[in-house]
């Protein structure tokens, strides 16, 4: 009986400690994410260079592209590049002024125009900074050191189990509160990873930069899908 009592007591203590640890990791993650969001809110606009990787180990899919984006609140301009004779050239552009989206394809010199109607499940660049505020559970997983920099790894899991993805992993620079990368894990084993190589805050950019200027694309064919 005494041994049984000890076993039950130990189980209760371990359960309490486990819950406290989980709550602590959740609170730590929230504190980090609040600082990341605050930094984003305080910047007028930002510009970043990034790489975008798509993989699916089961189907042996592995692809990657590079690009850059400029973001100003809910507006953004995204350029994807490819190598041509060892030189990076723009292959595709996505321009979003918060109301209209223009998708320009350089190879065919055409632009598709549509209304911007974001889905709740869509993870756009601006949403990365605020995902934690609703519909997700989160926790600080670990801290890793790479060179002289320390990064905090946070996992976000959707409360809605019907979503295509089951986890988003954020990698955050501990010193600067900047997002270094985010990776989306889907149930079908697809993985989408964005990694920031350069980022500049408080850049000067006018609202017109987020509109498609037809005169800059001679001979472009417009496909208005609105």
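We did not get these values from a lab; they are worked out from the coordinates using the rules stated. Computed from a prediction, not measured in an experiment: that's the story for all the values here.
Report D for the range 29-98 in µm² per second (integer): Stokes-Einstein, Kirkwood Rh on Cα pairs, 25 °C, 0.890 mPa s. Don't skip to the end; give the middle numbers.
Values: Rh = 14.5 Å.
Approximately 170 µm²/s, per Stokes-Einstein.
The range 46-115 and the range 129-159 have Cα centres separated by 25 Å. Both radii are taken from the alpha-carbon atoms of the range 106-226; with Rh as the Kirkwood radius, Rg/Rh is 1.05.
Using just the Cα positions, wrap the range 163-226 in a convex hull and report its mean projected area in square nanometres, one decimal place. Don't skip to the answer; put the middle values down first.
Working: hull surface 33.4 nm².
Convex hull of Cα atoms, orientation-averaged projection: 8.3 nm².
Taking every alpha-carbon pair in the range 135-181 and binning the separations at 10 Å intervals from zero gives 27, 45, 22, 6 percent.
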